[in-house]
Structure formats: C-alpha cells, structure tokens
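The values are calculated or read from the model by the stated rules, or taken from the named source; none is laboratory data. These numbers were taken from a predicted model, which means no experiment stands behind them. A quick note on method: Cβ atoms are made from the backbone with ideal geometry, for glycine too, and the neighbour counts reach across all protein chains shown. Note: areas computed on protein heavy atoms with side chains; ligands, DNA, RNA excluded. Shrake-Rupley method; radii C 1.70, N 1.55, O 1.52, S 1.80 Å.
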Amino acid sequence: MSTAVRLDATSLDRFLRVLADAREVFAPVAATDGRVEFARVRGGEGVDSSRMLTGLSPKGLFFPEAEVLFRYDRGGILPVESPGGPIAVWGMRGCDARGLALLDRVFGSAFQKPGDERFEDPYWKSRYDRATIFGTVCPAPLSTCFCNWFGGSPSSTAGIDVQATDLGEAWLLSPVTAKGAELLMTVDDLLSPATARDVEASREIALRAQSALPPPPSLEGLEDLLTGVFHEPAWEGIAAPCVQCGACTFSCPTCHCFDIQDEDRNGRGRRIRAWDSCMFGIFTREASGHNPRALSTQRVRQRVMHKYSYFPGNYGEMLCTGCGRCVSVCPVGFDIRNVLLELVSGAEGEGR
Amino acid sequence: MTIGSELRDTARRLLSEGTVELVIGWRRGSRPTAAVPAFVTDPEEAGSLVFDGTCGTNPAVYFTRDRRQYSGRKVGVAVKGCDARAVLQLVMENQVVRDDVVLIGVACPGVLDRRRVALAACGREILELEDRGAEVMLRGAGFETVVRREDVLSDSCRGCPHPDPGSVDLLLGTPRREAASGEERERRVREFEALPPAGRWEATLREYGKCIRCYACRNVCPACYCETCFVDQNDPRWIGGTCEPTDTLIFHLIRNLHVAGRCVECGACARACPTGVDLLLLHRKVAVEVLERFREEAGMDAGARPIMASFREDERQEFIMG
C-alpha cells in the first residue's frame, strides 16, 4: 500500500467538501443537545471528530433501523432503486469499523463457511461495498471501552480503508486497503507527504491509548465455557435488573437481528425490514402463542450466548467489539463485562 | 447521618428482622453518573445501597416487570416522591398489594440528568461524581469541576410538586422542600402550547424523529405493564415497524394517552432514552390537563379510584355537550 500522507487540520473542511462532491459522505456531527451521531455532511461544518464514540453505532448507515426492501402491487414487485454512488465515512472508531466487518460476515461476502451455500444480502452489499471507511485512532479510551478483550485495539484497522490519526495541527492518513489508497489519490492536491515525525507521533498516540486500556481478562475457551453454564441459576441474578428494552442491541455495532413486515393496503404495499431485538418478548413468540424465550432470564442469556458462544461457533469471531455502548446506554446499568467475568469466575470456582 | 447510611441501616434491619425478604434500592454501577437498581436479600449486602441524585431509576417498575419475583413476597422498596406515587398508583390499580410492600421513603433532592451532567463536563468522560447537595462535583482525567445542581437537574425534577414521598411506611432524611408551585412545572407546556400549529408539529417531528423504537421508555415505566403491549401484537398489527413519524408517533401518542392520569412524571422514560427524545413534555402536558379537569394527580391516594376509571357527574363534558 502507498505510504502515509498528511492533511492539514485546516484543510479538513475542503477535504470533506471534495469527497462530498462525488459521493455521499457521513461523519460524526454534534447536535445542539450534545449528542454526536453519524450524519450526512457536505463539508466540515458541524463535524466533531474528537468525540470518542457516537451515541448510536454507525451500523445504521448500512443496515438502517427500517428499510423498504421492495414495493408491490397487483402487477408484481416494484424494486427499490439503490442510489448506487460511492460512499465515504469519516471518523469511525476501530471498534465500529470492526463491527461492520463482522456484519459483513453475516450479510456480505466476507465469510464463507466450508460447504455452506452463501447468501449475500443485496441491500447490505449495495451500501457497504460502495463505502470507503476512514478510521480514527482513539487517543484516549473511555472507562467503558474493552476492545482489547476481543482482539481489538485503539488503532485496529479491521474494516478500515484509511486510518486517520489526529496529530492536532494535521491528520496523518495511512491507507490500509487499495480502495483507500485510490480514494486518497483523487484528493492528493490537499495532501502532503507525511514526515517521519508525523508517523512517529501517530505511533505514540496509538501506543499511549493501548496502554491506557486495562489489560484484558483471560477469556480463553469462553465459547465452550458459556455452553457449560447455560443452565446455571446465576442467570437469574444477572438478568434481575434488565427491563427488556432494546437500548443495548439497537446501539450495538454488531447486533443485527431484524424483523420483516409487509404493509399492505388493497393489494398494494411494501415489505419492510426493521431492527428487532432478542430482548423483546415478541421476538421469539410463535404463531401458536408459545414463546420459547418467554422469561427475561432466557432473553438476557440469549444475548450473551449469541455474542460470545453461538456467533463464534458460526462465524469464527466474537460478535462484540468492546465499544461499550451497551454499558453506557443501559437504563439500569447492566454491564456485560461484569456478566462475563462473573460467569468465568463462577465456572472456574467449580473447576470447569 | 446521610440518607444513604439511613437507608443501609433500615434495609439491614428490615431484612434481619424478617419484615421483608427483599429490598429494592440503588447501588453504584459502572457509571458514576447513574446508580443502578439493587436487589438485596441478605442483610450483609445492605451496605451496598446508596442514595443521591444519581438514583434516577424508578424502582416501582420491577413490581410489574417480573411478577413471579414479587407476588406474595414482602418487599421493601426505597422510593423518592415520584417512585412512591408510582407504587401507590399500582396499588390503586390492583397490581401491588399495599400490605406486601414496605415503602422506605427518601427525601428527594431531585435527580440528575446524565446528558446535562455530560454537557457540564464538556464532553470529557466523568470518572467520579459527588453529589454535594446544592452542588455536584465532577472529576475526570485531568479535570475537576463543580456545577450547580440546578443546572444538571432532570426536567422532571424542575418544579416537582411532590419531592417528598407521601403515604410511606418510613421516611428517611428531612423533608426539605416546599411543594413547588405549578408554574415552573407548567412553563414548558405553556411555551409549547403557545407555538403555532406548524411550530408544534415541527418540534414534535424533531423530537420523535430521534426515536429508534427500542422501547426503553416504555420498559422503565412503572405505569406500562400491559401483558401484551399493542406494539407487540402482530395479529392484528396496530402499528408499522418503521421509524417514520406515522409509526413512532402512534407508539408515543398511544403510550402517552394510555398512561394519562397514571403517569407520575418521574421522568424515568426521558432519562432512559438512548437518543435523548424529550419524552417528558407530552406526559406533562397530559398531567396538567388531567389536573385541570379532574383536580387530581396520579398516585396520591392508594385508596382512591384511578382517575380515568372513575366518573363524577360534575365533570366537564364539553366534548359531548358542545
């Protein structure tokens, strides 16, 4: 890959403008109420690259809260046109970019299980495959951050096309993929070669952030350990405070369960795909009325099992990038890190 | 003696005497800006209980969230003014047996809004919060700042007419506030009402446009306990699954009217919302309306009939009579 380049901080606005001339650009934008969320931008105005995390993860850019899959009438199916042009996302943290890469295992072409007939989701692919993702190295992790539990780091490059480091007066942009390098070539009049000092400064920022994270606990064999504690009564206490809302799963960069509904009026209508959550009772309620996960305990357990046991079994990685959003948004302070630690230490105590 | 230590002593005593099997209160969680619900069954663990402005969850919600846990058990529950009203409202609605519950009232200084607290720290992460009463100290990596409580108070607590829990079995702390006049409480409702229709519509779309349908508001609400909520029915389906205004507004407006005369304006919904929808405004609007029409407020008297389930001949009926 080509070498790192430098973008003056004062040129970020121009840079994003130029990108936005030819594509949809998304970046973290600050609202008046203090929230920062990914939103469409035309330039640098309102862009806040300094916030550690946006409120919601950027998964909604590629897998929206609700989307129309197609419309129909008595004549047949009326496909929804995808805009089709390129997309760029500025200011994504490593945990979020990894989250998208994990979702690509589910919806896209990133993962092929031997012997499986691969289904690729055209809606996901029509957006994700068009996107060039600028990742931002985290300068100082939050107390809720735990990316290093599952192989991530403040300077992780998984799912990132160009890695950006905020050096204060400038951004160091390091292409990670060919796609990223090609995009940088199209704006090279705004860029200058990076100095050895820039590269060194960037490395220092990444190292400092890395050492600011507490060392990860030993979670070796977590996948199997969880299978072993499935029937433990400990889940009752773990689930007790949970009120069964979807704040955790909806803000999560990797949760991807959805519901499909048809909205029909006199033979005309549309098919919708919308986020769903394993925390909701209706999620598993069957047509007969029977619900295999009728109890909150079962649903909380499902969320943990899916992330750290079933998904690794199916896709080879944990379905969690340690962004910590579920910890910070939970209205009752449910902390999934403590749940894992409690289950691990409980299992160790019993000599499993 | 702080309310927190009184609460710990009380819980310890109630549990060791066997008066209750369980005490629901709050303890410190992972985040310094929000204490988390605590379920204490062992007197030895009563020491983990706390009370201060970070105790924003309304513990009354647990009585109806998981009925298996609470029916037939003697439960002590720490309650702020609004929490006590929520429990009493549930008693009134035959959801909680008053004699099964020991209401441990805590004189409430008003709870903090974690978004305002975060704004006061200018986006820096708060690692430590100390509620000093009139002031709140926030500390993080390389900063320490003291802010006025007033500036970081939840909307629900501004002009709260009933900060001190009433009809409780025990009251900890000194009731210290005069009931606020209705004025401050109604100010934002009146401001909203004063907008032209287009302005009200725009503000409504802006707020509810943030909704992602996670139902945190509904699920932390003690008044929301329908066995099957209308949004969770799919045969027939009453509401679409999108985040378009037709769908989000139907959810919020129906919920709003369904808790009319039952909502105690605790603001737990607004604090729980992950995207910061101003949920309190419409609940308040309805509460103000109910107060004007019926001269009653939710959860004030466990012996009374629910406001919306009773009828008096002298009620205003202009919607029928013109």
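Does the stretch B:213-235 contain any residue that is of a type in the set (D, E, K, R), surrounded by 21 or more Cβ atoms within 10 Å (Cβ to Cβ), within 13 Å of chain A (Cβ to nearest Cβ) and on the phi < 0 side of the Ramachandran plot?
Yes, because at least one residue in the stretch B:213-235 is of a type in the set (D, E, K, R), surrounded by 21 or more Cβ atoms within 10 Å (Cβ to Cβ), within 13 Å of chain A (Cβ to nearest Cβ) and on the phi < 0 side of the Ramachandran plot.
Which one of the conditions (1) facing chain A (nearest Cβ under 9 Å); (2) crowded, with 24+ Cβ neighbours inside 10 Å; (3) not basic (Lys, Arg) does B:PHE39 fail to meet, given that it meets all the rest?
Of the numbered conditions (1) facing chain A (nearest Cβ under 9 Å); (2) crowded, with 24+ Cβ neighbours inside 10 Å; (3) not basic (Lys, Arg), the odd one out for B:PHE39 is (2).
What pairs come out if I take residues in the stretch B:14-34 that are closer than 21 Å to B:ASN58 by Cβ and pair them with residues that are open to solvent by 30 Å² or more (accessible area, probe 1.4 Å) and in a strand (DSSP E or B) whose C-beta lies under 8 Å away, six or more apart or interchain?
That search, which allows pairs on different chains as well, returns B:LEU22/B:PHE39; B:VAL23/B:PHE39; B:ILE24/B:PHE39; B:PRO32/B:GLU128.
Would you confirm whether or not the stretch A:200-210 contains a residue that is more than 14 Å from chain B (Cβ to nearest Cβ), part of a loop (DSSP other than H, G, I, E, B) and surrounded by 12 or more Cβ atoms within 10 Å (Cβ to Cβ)?
Checked against the condition, which is being more than 14 Å from chain B (Cβ to nearest Cβ), part of a loop (DSSP other than H, G, I, E, B) and surrounded by 12 or more Cβ atoms within 10 Å (Cβ to Cβ), the stretch A:200-210 yields no hits at all.
I want to confirm something. Restricting to the stretch B:49-73 and keeping residues that are away from chain A (no Cβ under 14 Å) and out of contact with any strand residue (DSSP E or B) (no Cβ under 7 Å at 6 or more places or on another chain), which single residue is surrounded by the most Cβ atoms within 10 Å (Cβ to Cβ)?
Result: B:SER71.
Could you identify the single residue in B:ASP42, B:ASP99 that is over 28 Å from B:ASP131 (Cα atoms), of a type in the set (D, E, K, R) and in the same structural domain as B:ASP164 (by TED's automatic domain parsing)?
Going through B:ASP42, B:ASP99 in turn, the sole match is B:ASP99.
Anything in the stretch B:127-170 that is in a loop (DSSP other than H, G, I, E, B) and open to solvent by less than 20 Å² (accessible area, probe 1.4 Å)? List them, or say none.
Those that are in a loop (DSSP other than H, G, I, E, B) and open to solvent by less than 20 Å² (accessible area, probe 1.4 Å): B:SER154, B:GLY159, B:PRO163, B:PRO165.
State all residues of the stretch B:201-212 that are in a helix (DSSP H, G or I) and either open to solvent by 80 Å² or more (accessible area, probe 1.4 Å) or touching a Ser or Thr at 6+ places or on another chain (Cβ under 8 Å) (or both); if no residue qualifies, say none.
B:TRP201, B:GLU202, B:ARG206, B:TYR208
Among all residue pairs at least 6 apart or on different chains, which show Cβ distances below 8 Å where the first residue, located in the stretch B:119-138, is within 14 Å of chain A (Cβ to nearest Cβ) and on the phi > 0 side of the Ramachandran plot and the second is modelled with pLDDT under 95 and surrounded by 13 or more Cβ atoms within 10 Å (Cβ to Cβ)?
Taking only residues 6 or more apart or on different chains, the pairs are B:GLY123/A:GLY34; B:GLY123/A:SER50; B:GLY123/A:ARG51.
Suppose we keep only residues that are more than 13 Å from every other protein chain (Cβ to nearest Cβ) and exposed (fewer than 15 other Cβ atoms within 10 Å of the Cβ) within the stretch A:43-73. Which one would you say is nearest to A:CYS252 (Cα to Cα)?
A:GLY46
Do we have any residue at all in the stretch B:245-254 that's open to solvent by less than 60 Å² (accessible area, probe 1.4 Å) and more than 19 Å from A:GLU67 (Cα to Cα)?
Checking the stretch B:245-254: at least one residue is open to solvent by less than 60 Å² (accessible area, probe 1.4 Å) and more than 19 Å from A:GLU67 (Cα to Cα).
Conditions first: (1) within 22 Å of A:THR32 (Cα to Cα); (2) in a helix (DSSP H, G or I); (3) open to solvent by 30 Å² or more (accessible area, probe 1.4 Å); (4) not hydroxyl-bearing (Ser, Thr, Tyr). B:ALA270 passes all but one, so which condition is the exception?
(3)
Of the residues in the stretch A:269-286, how many are out of contact with any Pro (no Cβ under 8 Å at 6 or more places or on another chain) and either hydrophobic (A, V, I, L, M, F, W, C) or modelled with pLDDT under 95 (or both)?
Summing the residues that are out of contact with any Pro (no Cβ under 8 Å at 6 or more places or on another chain) and either hydrophobic (A, V, I, L, M, F, W, C) or modelled with pLDDT under 95 (or both) in the stretch A:269-286 gives 10.
For (1) touching a residue at least 60 places away in the same chain (Cβ under 8 Å); (2) farther than 18 Å from A:ALA274 by Cβ; (3) among the hydroxyl-bearing types (Ser, Thr, Tyr), each residue gets a yes or a no:
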{"position": "A:GLY34", "(1), (2), (3)": "no, yes, no"}
{"position": "A:ALA39", "(1), (2), (3)": "no, yes, no"}
{"position": "A:GLY44", "(1), (2), (3)": "no, yes, no"}
{"position": "A:SER50", "(1), (2), (3)": "yes, yes, yes"}
{"position": "A:GLY55", "(1), (2), (3)": "yes, yes, no"}
{"position": "A:GLY60", "(1), (2), (3)": "no, no, no"}
{"position": "A:PHE70", "(1), (2), (3)": "yes, no, no"}
{"position": "A:GLU81", "(1), (2), (3)": "no, yes, no"}
{"position": "A:ILE87", "(1), (2), (3)": "yes, yes, no"}
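What are the residues in the stretch A:29-43 that are of a type outside the set (Ser, Thr, Tyr) and under 23 Å from B:ASP113 (Cα atoms), if any?
A:VAL29, A:ALA30, A:ALA31, A:ASP33, A:GLY34, A:ARG35, A:VAL36, A:GLU37
From the list A:GLY246, A:GLY269, A:GLY281, A:GLY237, which one is within 14 Å of another protein chain (Cβ to nearest Cβ), of a type in the set (Gly, Ala, Ser) and under 19 Å from the mean Cα position of the chain (by Cα)?
A:GLY246
In the stretch B:74-117, what residues are open to solvent by 10 Å² or more (accessible area, probe 1.4 Å) and charged (D, E, K, R)?
B:LYS74, B:ARG85, B:GLU93, B:ARG98, B:ASP99, B:ASP100, B:ASP113, B:ARG114, B:ARG115, B:ARG116
Please identify the pairs in which a residue from the stretch B:252-277 that is closer than 18 Å to B:GLY159 by Cα and within 14 Å of another protein chain (Cβ to nearest Cβ) has its Cβ atom under 7 Å from the Cβ atom of a residue that is among the acidic types (Asp, Glu) and surrounded by fewer than 22 Cβ atoms within 10 Å (Cβ to Cβ), counting only partners at least 6 apart or on another chain.
Between residues of the stretch B:252-277 that are closer than 18 Å to B:GLY159 by Cα and within 14 Å of another protein chain (Cβ to nearest Cβ) and residues that are among the acidic types (Asp, Glu) and surrounded by fewer than 22 Cβ atoms within 10 Å (Cβ to Cβ), the close pairs are B:GLY267/B:ASP155; B:ALA270/B:ASP155; B:ALA270/B:ASP278.
For the stretch B:171-189, which residues satisfy the criterion of being on the phi < 0 side of the Ramachandran plot, surrounded by 12 or more Cβ atoms within 10 Å (Cβ to Cβ) and modelled with pLDDT of 85 or more?
Passing the criteria: B:LEU171, B:LEU172, B:GLU186, B:ARG187, B:ARG188, B:VAL189.
Among the candidates A:ARG35, A:ARG40, A:ARG17, which residue alone is open to solvent by 40 Å² or more (accessible area, probe 1.4 Å), away from chain B (no Cβ under 13 Å), over 25 Å from A:ALA206 (Cβ atoms) and under 21 Å from the mean Cα position of the chain (by Cα)?
A:ARG40
For the stretch A:135-199, give me every one of the strands (runs of 3 or more DSSP E) that falls completely inside it and has 2 or more residues that are buried (at least 22 other Cβ atoms within 10 Å of the Cβ).
A:162-166, A:170-175
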